[in-house]
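K.L.:
Take a look at this one; I'll ask things after.
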Amino acid sequence: MNFANGALTEAVYYILLSLLEPRHGYGIMQNAQTLSGGRVRLAAGTLYGALNTLLEKGWIRAMPGEGNSRKKEYVITEAGQEVLRQEIMRLEELVRNGRALLEEVHHEEYGT
Amino acid sequence: MRNTVHKWFWVWDFDKEEKWLCAMAAKGKALVHVGFCTYEFEDSAPGEYIYRLELLEHAPDSTEGRAYISFLEETGAEQIGSYLRWCYFRRKASLGEFDLFSDFDSRIRHLDRILWLVGTVLALNLISGTVNVLGFGDLSVNYVSGMVNLLLAAVLTLAFILLSAKKHRLGRERSISES
């Protein structure tokens, strides 16, 4: 797995989260938007490129085609879930450090 | 009612072309067909569509190109035409904002494709122009067409610089934020 300590992009993070259950492209776009309260909008061209990269890396896989459905569905792999777990640890570190240092500044300024 | 408009946009002004097509759509003129410097519009409800342009990585009728276009179509977009590798897409404004790219990386990759195209045409014009101007006498057909090549090469050099500057700006933004 080619993921030592690099940060995921926001798009990739929300794509992987969305694919904890099988979804097609438009489903991913809608889910990312809902999860982020409307903030994250994945454009179709960006999403297409990201999906291809994630397929190549083996973090997601395409679901076997179902009969007459033309839309391809994708789902996260075990490797993809591991990447998500590592990313969440990294994000927790960011938040922990940010909160702690900002609080310190607050205490110094207001002497509380 | 259909009407045809002839208009010229330089390749590097694709965002101006997008704005123009969206402004036409806002006035109730929806683009339905494109050709060389030719735009065919049909009456529609004002503001019904949003238009976007993309220089595709693969030819629109190749397997990869078709896979990409059908992916966009699944998200509600519609390909209304293409000119060489330039594809014209639209989506109903009622479906919300419509963009093809939502982060700096994919915008930069798109600019790279345009730079590659401009660079190739620039090199061809430069070579052909130099050979014709140096190899043929005054006012022969070759000499004149060579001068035209060189003139075009000068314009394309300017385009290349402008596009590179745009890419550089996006790259700088990318170094502090991703979208």
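The values are calculated or read from the model by the stated rules, or taken from the named source; none is laboratory data. Treat the numbers as computed from the prediction; the structure is a model and nothing was measured. Because the Cβ atoms are built from the backbone with ideal geometry, glycine has one as well, and the counts that use them run over all protein chains shown. All accessible areas refer to the heavy atoms of the entire protein, side chains included, with ligands and DNA or RNA removed. Shrake-Rupley method; radii C 1.70, N 1.55, O 1.52, S 1.80 Å.
K.L.:
Which residue, B:55, B:133, B:122, has the largest displacement toward the positive end of the dipole of chain B when charges sit on each Cβ (Lys, Arg +1; Asp, Glu -1)?
P.N.:
With unit charges placed on the Cβ atoms, the residue in question is B:133.
K.L.:
Sticking with this structure for a sec: If you fit an axis through the alpha-carbon atoms of helix B:63-74 and take the longest principal axis of the Cα set of chain B, what angle between them do you get, 0 to 90°, nearest 10?
P.N.:
Compared with the principal axis, the helix lies near 30 degrees.
K.L.:
Something else about it: Using a 1.4 angstrom probe on the protein heavy atoms only, could you order A:106, B:58, B:110 from most to least accessible area?
P.N.:
A:106, B:58, B:110
K.L.:
Using only protein heavy atoms and a 1.4 angstrom probe, determine the accessible area buried between B and A, summed over both sides, in Å² to the nearest 100.
P.N.:
The summed interface area works out to 1600 Å².
K.L.:
Over all residues in A:48-56, what is the mean tally of Cβ atoms on other chains that come within 10 Å of each residue's Cβ?
P.N.:
Whole-number average of other-chain Cβ neighbours for A:48-56 is 3.
K.L.:
If I take all pairs of Cα atoms in segment B:1-62, what percentage of them are more than 14 Å from each other?
P.N.:
59 percent
K.L.:
From the mean inverse distance of alpha carbon pairs (Kirkwood) and the Cα radius of gyration, derive Rg over Rh for segment A:10-110.
P.N.:
Expressed as Rg/Rh, it is 1.14.
K.L.:
Below 13 angstrom from the Cβ of residue A:8, what's the summed charge of the other residues (Lys, Arg +1; Asp, Glu -1)?
P.N.:
-3
K.L.:
Pairs B:7/B:27; B:7/B:167; B:19/B:92; B:16/B:92; A:71/B:92: which are spaced more than 23 Å apart, C-alpha to C-alpha?
P.N.:
B:7/B:167
K.L.:
Quick check: Cα centre of segment B:62-134 to Cα centre of segment A:1-58, how many Å?
P.N.:
22 Å
K.L.:
For chain A, what are the DSSP H helices with axial Cα length of 27 Å or more and mean Kyte-Doolittle hydropathy of at least 0.0?
P.N.:
Length and hydropathy pass: none found.
K.L.:
Could I get the Rg over Rh figure for the protein assembly as shown? Both from C-alpha atoms, Rh via Kirkwood, rounded to two places.
P.N.:
Looking at the protein assembly as shown, the ratio lands at 1.07.
K.L.:
Then there's this: Taking 7 Å along the Cα-to-C-beta vector as the label spot, tell me the residue B:5-residue B:172 distance in nanometres, rounded to one decimal.
P.N.:
Once both label points are built, they end up 3.4 nm from each other.
K.L.:
I've got another one for you. Could you tell me the accessible area of residue B:92 in Å² (1.4 Å probe, neighbours in place), rounded to the nearest ten?
P.N.:
Surface accessible to solvent at residue B:92 totals approximately 80 Å².
K.L.:
Can I ask one more? Calculated from DSSP H runs of 4 or more alone, at -39500 (n - 2.57) each and per residue, what is the 222 nm mean residue ellipticity of chain B, nearest 500?
P.N.:
Computed mean residue ellipticity for chain B: -18000 deg cm²/dmol.
K.L.:
Suppose each label sits 7 Å from its Cα in the direction of the beta carbon; what would the residue A:99-residue B:97 distance come out to in nanometres?
P.N.:
Here the modelled spin labels are 2.9 nm apart.
K.L.:
Under unit Cβ charges (Lys, Arg +1; Asp, Glu -1), what dipole magnitude, rounded to 20 debye, does segment B:1-99 have relative to its Cα centre?
P.N.:
360 debye
K.L.:
Per residue, what accessible area does the protein assembly as shown have, given a 1.4 Å probe and all protein chains present, in Å²?
P.N.:
With all protein chains present, the protein assembly as shown gives 57 Å² per residue.
K.L.:
With a Förster radius of 35 Å, plug the Cβ-Cβ distance of residue B:155 and residue A:9 into 1/(1 + (r/R0)^6) and report the FRET value to the nearest 0.05.
P.N.:
That gives a FRET efficiency of 0.45.
K.L.:
Moving on. For A:34-47, what's the mean count of beta carbons from other chains sitting within 10 Å of each residue's beta carbon?
P.N.:
That average works out to 6.
K.L.:
Taking the Cβ-Cβ separation of residue B:147 and residue B:84 as r and a Förster radius of 30 Å, what is the calculated FRET efficiency to the nearest 0.05?
P.N.:
Given R0 = 30 Å and the Cβ-Cβ separation, E is 0.70.
K.L.:
Same structure again: Tally up the carbon and sulfur contribution to the accessible surface of the protein assembly as shown as a whole percent, 1.4 Å probe, everything protein left in place.
P.N.:
The value for the protein assembly as shown is 57 percent carbon and sulfur by accessible area.
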